[in-house]
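Here is the structure we will look at, set down as structure tokens.
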Amino acid sequence: MPIKTKRWNDPAEANDGFRLLVCRYRPRAVRKEDETWDAWCKDIGPSRELHADYYGKHGDPIDWDTYRRRYLEEMTAQGEYIDELANLVAAGRTITLLCSSACVDAAHCHRTLLQGLIEERLAAR
């Protein structure tokens, strides 16, 4: 599969290809020379507001369905980034979308939603 997902601290593998950090926040205390990613694109991570709402920073946490809907709505404004990633994959490059080290459930993570958006763009070609 040319699109993979992992946490940023998962071991890098030779077949990871282009490793893109897709978190709103850069991991704390990681020195530049210790980065495990090739690039960071915070704009395709959830907004600060969505992140706070999901983790209950301003009240009760929102549920996954609400998070999913809101994240996908936010990504409608990021079509150029998604197209660029789809173009990389269409050109034969593998990309690995990296999320937070705390994100242990890929099925309930924006990186998997983003993977789906990229795959939809590829299927529409």
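The values are calculated or read from the model by the stated rules, or taken from the named source; none is laboratory data. The structure displayed is predicted, hence computed values, not measured ones. Cβ placement follows ideal geometry from the backbone for every residue including glycine, while neighbour counts extend to all protein chains displayed. Note: accessible area is taken over every heavy atom of the protein model, side chains too, but ligands, DNA and RNA are not part of it. Shrake-Rupley method; radii C 1.70, N 1.55, O 1.52, S 1.80 Å.
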Can you give me the Rg/Rh ratio for the chain, using Cα atoms for both radii and the Kirkwood formula for Rh?
0.96
Leaving out ligands, DNA and RNA, what percent of the accessible area of the chain is carbon and sulfur, probe 1.4 Å?
48
Accessible surface, segment 10-72, averaged per residue in Å² (probe 1.4 Å)
64
The answer for C23, listing residues at least 5 apart or on another chain whose modeled amide H is closer than 5 Å to its amide H, is C41
Cα-centre dipole for the chain with unit charges at Cβ (Lys and Arg positive, Asp and Glu negative), debye to 20:
240
Considering amide H positions built from the backbone, and no H for Pro or chain starts, which residues 5 or more places from T94, or on another chain, come under 5 Å of its amide H?
F18
Kirkwood calc, segment 62-111, C-alpha pairs only, radius in angstrom 12.6
What percent do you get for the relative contact order of segment 5-100 when only Cα pairs under 8 Å and 6+ apart count?
45
Excluding residues on the same chain fewer than 8 positions from K57, give the lysines whose Cα lies under 27 Å from its Cα.
K6, K42
Counting only helical runs of four or more DSSP H residues, what would the 222 nm mean residue ellipticity of the chain come to if each run contributes -39,500 (n - 2.57) and the total is spread over all its residues?
-11000 deg cm²/dmol
